[in-house]
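Read-outs throughout are calculated quantities, based only on the coordinates presented, and are distinct from any laboratory measurement. What you see is a predicted model; the values in this text were computed from it and never measured. Positions of Cβ are generated from backbone atoms using ideal geometry, with glycine treated the same way; all protein chains shown enter the neighbour counts.
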Amino acid sequence: MATNRRLESELDFQEAMDQERTIRVFRDDEMINAGGLIIRFDDSMIAVQSSVSDLDYYDRQTCEFYELRR
């Protein structure tokens with residue numbers, strides 16, 4: 001069974017990136033990305049790659065990030 005874990009701290013994001021965990025991104029209670037990997041982050045944004053040519057940048061203040069664990 002899959003579980004979701006909310007990513008909030010720098011350590012959470014670093015762990016998800018290092019372990020190549022799939023994440024889901026929500027904004028305004030709506031899922032806007034599912035199945036991407038964190039490839040870079042800083043204190044204001046998260047870069048998520050969903051496929052070879054699909055790279056999105058999300059604002060940390062307006063979005064919620066969840067790690068999908070199986």
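Please give, to one decimal in nm, the separation of the simple spin-label points placed at ARG27 and ARG6, each 7 Å out from Cα toward the Cβ.
The two pseudo-label positions are separated by 1.9 nm.
Given the convex hull of the Cα atoms of the range 1-61, what is a quarter of its surface area in nm²?
With every direction weighted equally, the projected area is 4.4 nm².
Mind checking the full-extension length gain between GLN49 and CYS63? Use 0.36 nm per residue of separation minus the Cα-Cα distance, one decimal, nm.
3.5 nm
Among ILE23, SER9, ILE39, which residue has its Cα positioned farthest towards the positive end of the charge dipole of the chain, with +1 placed on the Cβ of Lys and Arg, -1 on the Cβ of Asp and Glu, and the dipole taken about the Cα centre?
Going by the charge dipole, the pick is ILE23.
Say R0 is 22 Å: what FRET efficiency, to the nearest 0.05, do GLU20 and ASP42 get from their beta-carbon distance?
It comes out at approximately 0.70.
Considering amide H positions built from the backbone, and no H for Pro or chain starts, which residues 5 or more places from ARG60, or on another chain, come under 5 Å of its amide H?
MET45, ILE46
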